[in-house]
Amino acid sequence: MPLTPLNEPLGNQRASHLLRRTIFGATPDLVQEFSQLTPQEAFDRLFVPDIPVPQPPIDPATGQEWMLSGTTDANSEGFELERYFLGWQLGQFLGPNVADEQKLAYVFKERVVYFLHTHFTTKRSVVGNSRALYFQNQLFRQFAFDQFLEEDLSFKDLVKKASVDNAMLQFLDGRLNVKGSPNENYARELLELYSVGRGLEGTDKGDNAVGDYGTFTEQDVQEGARILSGFNVDPTFSFIDEQTALPTGIAKGNGLTAAQHDNNSKQLSFRFNNAIITPNPELLLNGEATYESALDEIKQFIDVIFQQEETAIHICRKIYRFFVYHEITEEIQNGVIKDMASVFVEQDFSLQAVLQALFSSREFYEGADGISDDNFGSIIKSPLDLIIGHARSVELQLPDYLLNPDAFYEITNDWLGKMGDMGLNFYEPFEVAGYLAYHQFPIYHRGWITTSYLTQRYAYVQSVSSANMEGMAVQVSTPIEYVEKYVNNNTASNAKDLVIEIANQFLALTDNLGFQNPDTSPLTEERLNYFLDAFLKTFQIDENPEEAWAFRWTQGVDRETVERQLQDLFNAILQSPEYQLM
């Protein structure tokens, strides 16, 4: 079935689902607010033009930014600056220094930036330059909401820009690709990962000849390398792309010509209708290649790639897996994915248009036909989702990185370490293809859960549920403060009702929760009783634990015991397997 528009108010569960998948989660108040909106109205809250560009990170050694102005001997060491960049990017997921009316769209835009990073993967250790990482990050940020760009640019144009981006030229050896000695690394990944792909994983591709991958061939890799030849990293970051106003790579040559670009014609394989890529004579200088002519060949190449039906389908599969579910059957591919791809093509490859169609569809909220577990709570949270999602749910406010970078980085660097312990080494994926959870068939997001990683997840939850962030200079809502703010007094005084309410607010599988309706509740009575016991059974001296809880809460007595009981409840729910789902 193709995408089916949803034209009714979201309700609590759909609203919570949308906010988990787009802005890492939300407070109960925000969920309630979105529950009254239709998907289109919610979309208008998430996609907003003129979102401010974040101020660059600050180096504590100088108290100044270094991304725009460059580094001096007074700056921190290079590896420290890279770490500050990563911590800065984590902080952006919480929308620091952003007005309340823009924060939702700001955070969602950062979510899309992260998606683009998982698509055009980069390894910090290979790039080895914080400024290159930062400007690539800024490139993704420009294209995240591509329908708001002043220039008529789209995802297809982003692929062109990424091909000569300084970080990418370093990461996939584009700087080593010269005429007469082509380096095929980037050409291969451009085809296999960033554009046309190799078809739906796990399906029969037929008996293709050696070197034919069903969507492209070795000939296309070889000719693509020749098309992409002759570019180099600009270590000064002073060569600026006119359309993005961001630094980009340079041509190897004398400043007038691209001397290391292969200036001959290139012929692609039958997979691309034997298209021929030729230099534009009007862009040559006395018959020699120039930066402009070499860039135009890349444009021709990518235009041909995007003429292939499979290119839009491959990219839409990546979008679907990131925002919806990992499993894509042939039925889903021929329905939902192809419908997304149709929107993608019809809207001139606008990422924003595809996301709008997806988030406005019943399939996003209710799953696809033939699969029973691909809607609410179907994705295992990444370590990033776990940490940022919790921070958003308790409304954590980071220190201002412009005024107090040391305190800011103390927290975000701790998060980087915790994410690594849970299996996500931010900007350091194991493979060129990226983080395993987003591409590794057939495991995908289940790779986040191992015995070691799960232990680290539970340890992190326990450390933050005490609300002291392990002694760092920040305070978040304690469990008792959270309940006082987000649970009405009558519900809070009834132990079973409180368990249901907190489970509703923190777990994805929450519709029809109840102790007395085991046939319809997504959590069994046994499971709910486990939470209830964790909440009440700490203090065995209570003859009637539920009555004792009601008395303590309504009378405001023995606050220390109340705090301990609530902490036990929060620990039980947030350390549960169900909390690992989104």
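Readers should treat all values here as calculations from the given coordinates under stated rules, not as data from a laboratory. These numbers come from a predicted model, not from an experiment. For neighbour counting, all protein chains shown are included, and Cβ atoms are generated from backbone atoms with ideal geometry for every residue, glycine included.
Key figures
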| item | result |
| --- | --- |
| Region 1-155 - charge dipole about Cα centre, Lys and Arg +1 at Cβ, Asp and Glu -1, debye rounded to 20 | 620 debye |
| Long-range amide H partners of SER361 with built H, under 5 Å | LEU6 |
| Phi to ³J(HN,Hα) by Karplus 6.51 cos²θ - 1.76 cosθ + 1.60 over region 295-304, Hz, x for Gly, Pro | 5, 5, 5, 4, 4, 4, 4, 6, 4, 5 |
| Note, ³J(HN,Hα) from phi for region 314-329, Karplus 6.51, -1.76, 1.60, rounded to Hz, x at Gly and Pro | 4, 5, 5, 4, 5, 4, 4, 5, 6, 9, 10, 6, 7, 7, 10, 7 |
| Region 3-30 versus region 92-110: alpha-carbon centroid distance in Å | 17 Å |
| Shape parameters for region 479-580, alpha-carbon atoms, Rg then Dmax in Å | 12.9, 38 |
| Sites GLN36 and GLU481, calculated FRET efficiency, Cβ-Cβ separation with R0 35 Å, nearest 0.05 | 0.85 |
| Relative exposure of ILE332, ILE276, judged by other C-beta atoms within 10 Å (fewest first) | ILE276, ILE332 |
| Calculated FRET value between SER181 and GLN147, using beta carbons and R₀ = 41 Å, to 0.05 | 0.50 |
| Residues ASP421, ASP406, sorted so that the one with the fewest Cβ neighbours within 10 Å comes first | ASP406, ASP421 |
| Region 479-580: relative contact order as a whole-number percent, Cα under 8 Å and 6+ apart | 32 percent |
| Amide H contacts of GLN64 (H built 1.01 Å from N, under 5 Å, at least 5 apart or other chain) | ASP59 |
| Estimated [θ] at 222 nm from DSSP helical runs (n ≥ 4, -39500 (n - 2.57)) normalised by residues in the chain, nearest 500 | -14000 deg cm²/dmol |
| Modelled FRET efficiency - R0 35 Å, ASP497 with GLN397, Cβ distances, 0.05 increments | 0.70 |
| ³J(HN,Hα), Karplus 6.51/-1.76/1.60, whole Hz, each residue of region 561-573, x for Gly, Pro | 5, 4, 4, 5, 5, 5, 5, 5, 5, 4, 4, 4, 6 |
| The chain, dipole about Cα centre (Lys/Arg Cβ +1, Asp/Glu Cβ -1), debye to the nearest 20 | 740 debye |
| Sparsely packed GluC sites (Glu not before Pro) within region 128-199, loop by DSSP, other Cβ within 10 Å at most 16 | GLU150, GLU151 |
| Point-to-point label distance, ALA433-ALA459, nm (Cα→Cβ direction, 7 Å offset) | 3.0 nm |
| Potential lengthening between THR203 and ASP348 on full extension [0.36 nm per residue; Cα-Cα distance subtracted] | 49.3 nm |
| Gained length - THR451 relative to ASP73, 0.36 nm times residue gap less alpha-carbon distance | 131.6 nm |
| Degrees between helix 383-393 axis and first principal axis of the chain (Cα, 0 to 90, nearest 10) | 50 degrees |
| Cα shape, the chain, gyration tensor, a/c 1.5 rule | prolate |
| Long-range HN-HN contacts of VAL178 with modeled amide H, under 5 Å | ASN183, GLY230 |
| Potential extension, THR236-ASP511 segment - 0.36 nm per residue separation minus Cα distance | 93.5 nm |
| Charge dipole magnitude, Cβ of K and R +1, D and E -1 - region 173-305, Cα centre, debye nearest 20 | 200 debye |
| Given LYS485/LYS537; LYS252/LYS418; LYS318/LYS485, the pairs whose alpha carbons are separated by over 30 Å | LYS252/LYS418; LYS318/LYS485 |
